Structure formats: C-alpha cells, structure tokens
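Coordinate-derived values only; no laboratory data. Not measured: the values here are computed from a predicted model. As a convention, Cβ positions derive from the backbone with ideal geometry for all residues, glycine included, and neighbour counts pool all protein chains shown.
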C-alpha cells in the first residue's frame, strides 16, 4: 500500500476501478467510480478517510452526515439512470468503515436520518434489481456497516485479522454491558455473535464467501483476479436468485432466525 | 443465573393460561399453564444466584395461605424482591382464573 | 458576707474578643461586606484556633462557599476547631478535618459522606462528640455548644446585613440566634448583594444579628432531596400505600401528619386524590402537614385534600407553586414561602398525630436504624417526628385511639409508623435479629447504639404482607410475634407460628391486605394521580418547575 | 388534573398494541406461550423473556388489516436480539407479501429501543439490516408508521429504521438519535456531549426538537387516544410524496452550508432545520 493510499478501502477501490470513470463533486470521503467487473457494468463506492472533513468527527473514514446522504445520492443516481433498463448496473460497496461518526453535530443534525438515507437507497436499489455486492476489506462496524454494505445481496469478506464486523467497539461495549474488556473477550470466544473476528462471523451464515488474501494491503495479481471473479460470481448468483436477503439465513448459528420466520408465517 | 425447580401438591383448577409482569430490573414475568395433574410445577430462572432457599420459603408460605393451582408456573426473575414476586404470582393466578 | 466568694472575673470577655476580631478585618471589609477574593484571609482573622464553629448545611441548602473557604485556611493559624454541623453533605466538610483545621465534630446527619466519616473516625483524624437529631443539636447551641462563629447561607443581603433566606430559611434563624446573642460572630454567604433593604423581598434575619456578609462565587448548593419521580413508584408501593390509607389513616382518622422521604409515602400522597377519594376520606384525613414541599403532594393539594403545610425547608422548583398557594403554605408578605427547620421539627414532634417513615433495618422488637456496617449516616430529623413526645397534652381522636388501658391517668400516643418492604433490593432482609447499628456503635466507641427509632415508640409496622398494630401488644413477647407476623419470609418472619398469626388477624392485631378488603392485584400504577414529573407539572398548572435532572422532555 | 384519557408511555408493549388496535381485534403472533426465547442470553447468565421483548400482533386499525410490532423497552432496554429482531423482520416481510397478493396490510412500529442487543451483537445487527430492508420493501405499498413515545426512546440501528418509516410520531418525552449519550461521551468526550445533562440531551434529540426540526412528522401528548388520532392522520395522508430518507438534496444542501468552525447548539440547529410552521 503506497503512501498516497488513504486506507485499505481506498486501496481496493483503486484496484477495482482501474480505467473506470471517477465521479467528482461529492464530499472527498466518498469515492465513486463507474466501470465494470469482468465485463459486468458496475458502480463502485467506498468510504475513505478525509483528514479535512468539514465534520471533524468523520475525518477517519467514519460514516457521518455528509457520507450518509452522499451515499444516498450516488446510489439513487444509479437507480434513476437505470430506471428504464432491464439490465441493472451492479453496485459494489467496498467496506472499510471503522464506525459511524460520534458527535454533537451528528446527533443534532440527524445522523440517524443520514444513515437511513444511505441504507434506504441501497435497499431501494436492490429491490429495483441492482445486484449489490459488499466487499469487506477492513472494518465493518455497527451503524456504518448498516449504512454502507449491509443492504447488499451478497457479502464477501477477507479472512484477515484486521477484518472486523461488530455492533460496537470493545471499550464501549464493555462499558455498556458493565463488563471488563477481558470478560467481554472471554465471552466473545464462546458466543459466536459476540465475537469480533471474521471466522466466528462466518459461522452466522451471513457471508457469501470468505477469501484468503495473504496481505490485503498489498495483494498479488492472482488475488486481485480472485476477488474480481468472486464478485462477478456473486452478481451472477444474485441475478439467478433474486433481490431478497434470504441467502443470509442458512447459517447454523442463525438457525433461530429461520425458525422464527417459519412460525411467523404459520401463524400469520 | 440460576435455574430452580420446585413441586408442590395442588388442587385448584384454573381454566386459562396467563402471563404477568416483564423481565425488568427488580421485576419478573410469571407464566401459568394449567394441567390435569394434582401438582404445581415451578420452574424459576433467576439472576440472583443462591436464592433457592428463599424461593422455597416463598412458596411454602404461599402454600400455607392459598390452595395452589394445578399447572406449571414458570418464572423469569430479574432480582425482584419476595414482595414483588408474590404480587406477580398472585396476579398471574388471578388472571388464569378470570382471563 | 460572702464577698470573698464573689468572682472577680471579667464579664464581657466574649464581647471584647468579638470586637478585637472584627477590628482585625477592618481593612478587608467595606462596612459589613467582606471581599470575596480576600475572604480566606478574613476568615483567618475572624476565627481562632480552638473555636466552636457552626457551619450551616442540612438536607437541602448548604453554606458551601463558606465550607470551601474554611477548608483553604492555613492550618498553622487555625486548627483544632470544634465543628457543629447539622449535616455533612459535601466533600469539603471533611477536608476541614483531613487538613487538620478541625478536630472535633458534633453533627446530626451525613448522607453521601457517611462512608468517609467512618474511615476518618477509624483513622483518629476526627473525634465525634455525639450524633444528634436536628433540634437536639440546635438545643445544645444554646447550652453547652455555644458557637464562637456561625457560617450561614442566604439568597440575598443588603449592605447593612439584612438577610433574605426565603423558602430556604431552614436552620438559619436558630444558628444565628445562638451565635449573635452570645457575642459570637455571624458570617453569611449570599448569592446576591443589594444596596438597600427595600431591594430585599423581605427581611428574614435582621441586620443587627449579622456581622458580615460575603458574596459567594456561585449560588449556594441546594439538593432537591424530597423530589420523587412518580415514574419509579412500583405496584408494591401502591399496594402498601393503599394499605396505609385504609388500615391506618382512615382507621384512626389521622388529620395531621408528617411523611418521611421515600417511594412508599410518595405513593400515599398520589393515592389520596384517587383511592382516598373512592373511600370517601376527603376532609376526614390528612388535612394538616408538617412536611417539606413534596412535589408529589401537588395533586392532593389541587384536589382540596390539604388545608395547611408547614415546611422544614424548601424544595427546588416548588417556589412559584408555593407562592401561588399562600392559603396552604406559610408565606411572607412578599409572597415567597418561609421555612424553619427548628419550628417545623417542633410542629412535627408535638403538633401532628402521625409520623410515617421508612428505614433500612428493623429488629424483632421494632427498633430501626439506617446505620449499616461502614456507614455512619446519622439521624437528621426522623427521630424527632418518629417518637411519642411525652410532653404532649392536647388530645385528638387519632392520639386517643392509641390508648389501651382504662387507667384514669393514661394518655394517648402519637402514631409512629414504619413502612418497609420485608426485603430491600439485593435480597437483603429488612427484618433482622440484631441491627447493624449495635455493632457499629461498639466499633465506633459510641456510648449507645445509633438507633433511629426505638421499638417502644412504634405503633404500627406496615409491610407488603400486612399491618401489625403494635400499640395493641400486651407484652414484649407479643410485640415480637406481631412484628414477625408481617415480616414475610425473613428469618424473623419464619419464626412465628401460622396459627398465632391467624389468631392475631382474628383479634385485629394484624391485618393482611385481604382483611382490609384490598386485593393485591388491584394495586396498579394507574391508581396514582400522577405517573410522571410531567404530570405533576400539569397538575400545578405549570407552576412547578422541576430541576433539570428530573425532566425528560 | 392532567387532561388525558390514558397514558401511552405507561403501557407495556403488549398493552400498547392491544389498545391501539380496534377493540377485540388483537391477535398476537408468536406470543409468550410459544416460548421462543433468545438462544444466546442464558449461556451468558442472563435471564431471558418468553417473548424476547417483542410483541407482534395482527388485527384491525380503523377497520383496516394491520400488523403492529411493539418493542418492550423494559426488557434489556428494548434491545434487538436474534429472536426479537427476526420477529420484527418476519412480520414486516409477511406484510409486504400480503400487499403483493392484494391484502393491504399496514404496519405500525412502536420503537422503544437502545438498538442492537450487545450480547447478541452481530445477529442483532444482521436482524436490523433485515428490518431496514423489509421497511423499504413494505413502504412502497402502504405507509409504514413509526411511533416512539418513551421512556427508552429510539437509538442505534433502530433509529435508522425509524428514519426509514413513511411517517414518524413522537411524544416530547421520546428521544431519537443514532448513538446513545453515554457512548458519544465515551467516544468524543464530555465537552462534545455531556450524557448527564438531561436538558442538553433533550435539546439535541428530544421529541419536541425532532418534530420542530423536521425529523418527525407529528408530536402527540402522552395519550392513547392522541396516538391513535396521529396514526389515523398519517394513514389518511397515504404514501408520502417524498420520503424523508430520500431527501438527500435537501439535507446535503443544508449540511454543506453550515459553518462547522463553531460547535452546534439548539438555536443553531433550529435556525438551520427548523420548520417555520412548527412552533
């Protein structure tokens, strides 16, 4: 990863968008490009750090007010431009988001609404038939992940120590649940949904593929091809299986979610 | 958390299943489901460890003052006091009677 | 003659000493007004090592600026003070001891600082004279604990030293009187200085009793100690409140009373306009109160239950409401309420028929205490209200109702009610074989155990299980059995035979809710006249302005 | 005397649902007697609840087929676990299916939640994503109406769900925000956000400012009847012309115009977002 690269998310955005058309004019923390993935037309979107962010609590790659609404904007653009097309552009969300932005302005100006803008836009795009693939290359935390990635039809993650998916950072989670960080880590080891690592997350059945990339900050050509191929496979799979999120319900550690749905349908 | 099971002879026939309370701090939920056997089976899950003796005393006392209903009583307890627990148990039995 | 026995001592040494000290601060004062920034220096001249210093502070208002400044004086100049403090509620109160400025302490109540007092005592950093009730301590200010210096708090002063203490007058008159008229020095911290008496709403303490005033760097600290959020009242409090109203208030026709702090009594206050109304009790009970301005009393006042309320102190947020209800509260010509702790304690002791309070521990005979291991919390005012004053001579129907013998010189008895759940949160039994206070007393070398209310003063114990009418007990043994009958499944409660309990119920010595015609399952929060602080504001037509920490909008 | 029929805030989730639906029409699905409890709490030594803190009921509202999904704020702070989350998601998904097959089932969501249940972290988060998806699906056919009354309020991923609703009804005791005050204070410091300063918290996220600043559509008193009236108003409006969550042009223009060199206070927020017609 060279010095001009802002983050791992930025690095993978660059790798996947070589030759693509870069969208300009939006806030610097949202990168957008239109190109293709092994021939499949796609819009690529990443959230990246912007040290000079107008909203300082969102300077490190967090999803803040501008990021949330900008995601909404750039996703809506795709929906709008493909409105009359039956072949829908794919959307590739490159996910490396340490958290949502925590701050006074954020709450007061409605960050929840900004993230609803983003999540809602992705969901609308998916329901409109756009294949959406989330590529988790780093952190996918909490509200940030809900806004950028969790509405994807398929999630692909790298099997790597720095890849982390969770509802809350360890320190805050410990404080809120009145546990020590050590106690939290101990519990996380035996309770898969509590875990911070990607292997345990994989047991929940939420991932389409877990890819081994030796060094995600400096990938080999073969690895880059593998990632592209996997994304392309995912798009094919989506087109075959439809727009909903049912594919996430197969995990053995998410079995109860299936039972609840079956019973709810039976009683409905 | 501790799981406690108790059984008492019972004679009262209550018609309905019933639920009272919520699992919130200092409170509990109590669920009663009637059956035909002449006993009251009690299953308690409580956040307070080492409280079996107190629950036994509570139901011994309850049994000495009331005829117990035939059925299963399940309690999810979040550190309620015996006073609150008794109130919820009375409530669930009353609802099972009239619901 | 006996001329040789006549002392030739000087008779005005205290007066001369006072003059000397006052002269010493001439340069730091503008008339009676001491400068805020050089105030520590002034204190070092006005107080002398070994002085008795009374520092105002109680359940509610605190002379916190003066406490802070006293903790900043040089211990080489001022040390060995003997502090007289109604309440120890601030960290600075104990810093004074830790820094060696003071050594001995006579006090009445210590809420938040009770753990630290225990530690300082164990480390011999402070000595305790005695733990008092409020009026007991004020009484001694006129006998053997006469202060050299009084440090008090007021809202406003004029340049002559007239003080406006308003709704928070509280202890100030008693403390100032004991000091001023025995040639001690009276220093008042004020939130605001005005030029002229005409700029004060009214004069609560006349200027001639006050030697110095100082403008505090921020308004005095005041704790809204008597505000209970109705949201936190639980069905079990409602049940106990219903039992109290029907089984005690109505049964004995209690017209005048005092309530302690707590959710049980808050529930009663909020049940009067609803459950009390259903029982047709309006105008028959609860008309006259010696009570802090509890916000939860607003609905009962608005519904016409309450005739009068005299207050120990103020309560944050209640000022405008009280001013708008001068028929109910004691207010000055300016419209604002005037409290007086000493007089209200006396009212609560002699003037009312009933005290209802709560506690942490009750023993088999009904003795109770809030002192538990490691905590020297003191008593405050509860024991004054929570006892039968033998000096009482006027009769009321409730008082006479407690008479049990046909003895021609028998007298009535004040109703003293302990209202407790059988277990505290965390499964701690309220009823215990021996109060922790007994051990604590021994560990702290106290001559007597710190008992809050003695069992022989208690007429009723009310728990969620039932009411024990202890005034009917024929013997100590029977009293013990009656307490046990309502002590639920605590060890004390398990110690009584169920046949005996049945007999008590038959004789009316013990009543379970069912015996009173109360179904426990009727006890729901919807019976409360207000469910939230917002409801109380609405009841008050917007006059009640709750402190920020109680607002959720 | 407080002028109201019956407090809404006082009611449990089940009672809220029962009293909103037309009398006698309440039918609970996966009720507590089904005992579908959280599989994750007991292994962590935490007492479960028989309904996992989520009440789903079908019935009629104003004569129309309705599903009401009510979170019980008392149990684990109304947090979303696997079961409670799946109950909400499943009900919304089935309501959307109803609409696709010609039954105009409408949905009412009663939010009383701190967001993800941290003891079931990633499954709670996944369930919330499903809920977001289902709201977006269903709101194409019928208005999805969210209500947050208090005392818990609506936080975390569920505040995003509230932001996705067609309409949102609040009381002044409600709070609506992404991050809980404690967490913001922990992450950003007390200067930024003092979690103990209640007036401040309400001046940023309370129901009244959310309404006045356009983040909610109707503010009601704490009254069952007023809540019902507000729901009828929303239903009568039908599908909104512009969903709040689609209004990126409006919000981006506002957010870009703000001078962020100084910290925000309630007045500044009002000056930027305040709706003139909402006093």
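Please report Rg (one decimal) and Dmax (integer) in Å for the Cα set of the range C:335-472.
16.4, 51
Give me Rg/Rg_expected for the range A:8-267, where Rg uses Cα atoms only and Rg_expected = 2.2 N^0.38 Å with N residues.
0.99
Output the peptides C:254-261, C:180-187, D:31-38 sorted from most to least packed, where packing is the average of other Cβ atoms within 10 Å over each peptide's residues.
Descending packing order for the listed peptides: C:254-261, C:180-187, D:31-38.
Can you tell me the Rg and Dmax of the range D:142-186, counting just the alpha carbons, in angstroms?
In order Rg, Dmax, the Cα atoms of the range D:142-186 give 11.0, 40 Å.
Quick one: helix C:498-507 against the long Cα principal axis of chain C, what's the angle to the nearest 10°, folded into 0 to 90?
Once rounded, the angle reads 80 degrees.
Output the relative contact order of the range C:230-531, whole-number percent, from Cα pairs under 8 angstrom with separation of 6+ residues.
Over the range C:230-531, the number comes to 20 percent.
Can you figure out the FRET efficiency of residue A:199 with residue C:26, using R₀ = 56 Å and their beta-carbon distance, to the nearest 0.05?
0.10
Looking at chain D as a GNM with Cα springs under 10 Å, which of D:219, D:131, D:46 has the largest mean-square fluctuation?
Top of the fluctuation ranking is D:46.
Rounded, prolate or oblate for chain C? Axes are the square roots of the Cα gyration tensor eigenvalues, ordered a ≥ b ≥ c, and the cut-off for rounded is a/c under 1.5.
Since a/c reaches 1.5 and a/b is larger than b/c, the shape of chain C is classed as prolate.
Can you divide the C-alpha Rg of the range D:193-259 by 2.2 N^0.38 Å and report the result to two decimal places?
1.41
Based on a Kirkwood Rh over C-alpha pairs, give the Stokes-Einstein translational diffusion coefficient of chain B at 10 °C and viscosity 1.306 mPa s in µm²/s.
Translational diffusion coefficient: 121 µm²/s.
Which Rg and Dmax, in Å, describe the Cα atoms of chain D?
Using the Cα atoms of chain D, the pair Rg, Dmax is 18.5, 57 Å.
Cα centroid distance between the range D:38-94 and the range C:264-331, in Å?
Value for the Cα centre distance between the two parts: 42 Å.
When the C-alpha atoms of the range D:65-205 are aligned to their principal axes, what extent does each axis show, in angstrom, from largest down?
Computed over the range D:65-205, the largest-to-smallest principal extents equal 53, 30, 23 Å.
Share of antiparallel DSSP beta bridges in the range A:8-267, in percent to the nearest 5?
35 percent
Provide the convex hull volume over Cα atoms per residue for the range D:1-145, in Å³.
In the range D:1-145, the Cα hull volume divided by residue count equals 119 Å³.
Scale the Cα Rg of the range A:43-182 by the rule-of-thumb value 2.2 N^0.38 Å and send over the ratio, two decimals.
Cα Rg divided by the expected 2.2 N^0.38 Å: 1.08.
Please report the relative contact order for chain D, taking Cα pairs under 8 Å with a sequence separation of at least 6, and give it as a percent rounded to a whole number.
15 percent
Direction-averaged shadow area of the convex hull around the Cα atoms of the protein assembly as shown, nm²?
Taking the Cα atoms of the protein assembly as shown, their convex hull projects to 54.6 nm² on average.
For the range C:33-222, what is the relative contact order in percent, using Cα pairs closer than 8 Å and at least 6 residues apart in sequence?
24 percent
Of all the C-alpha pairs in the range C:269-332, what % are more than 21 Å from each other?
19 percent
Eigenvalues of the Cα gyration tensor times 5, then square-rooted: what semi-axes does that give for the range C:33-222, in whole angstrom, largest first?
Semi-axes from the Cα gyration tensor: 26, 17, 15 Å.
Select from D:211, D:141, D:250 the residue whose mean-square fluctuation is largest in a Gaussian network model of chain D (Cα-Cα springs shorter than 10 Å).
Looking only at D:211, D:141, D:250, the biggest GNM fluctuation is shown by D:250.
Among DSSP beta bridges whose residues both lie in the protein assembly as shown, state the antiparallel percentage, nearest 5.
DSSP beta bridges in the protein assembly as shown are roughly 40 percent antiparallel.
Rank D:106, D:263, D:76 by mean-square fluctuation in a GNM of chain D with C-alpha springs under 10 angstrom and give only the top-ranked residue.
D:263
Would you mind listing how long the range C:230-531 runs along its three principal axes, going by Cα atoms, in whole Å with the largest first?
Cα extents, longest axis first: 58, 49, 48 Å.
Angle check, please: helix B:82-98 long axis (alpha carbons) against the longest principal axis of chain B (alpha carbons), in degrees 0 to 90, nearest 10.
Result, in degrees: 30.
Helix C:235-244 versus the longest principal axis of chain C: what is the Cα-based angle in degrees, 0 to 90, to the nearest 10?
Once rounded, one gets 90 degrees.
Any idea how far the Cα center of the range C:487-544 sits from the one of the range A:209-268, in Å?
58 Å
Give the distance, in whole Å, between the Cα centre of the range C:41-101 and the Cα centre of the range A:90-126.
So the separation of the two Cα centres works out to 56 Å.
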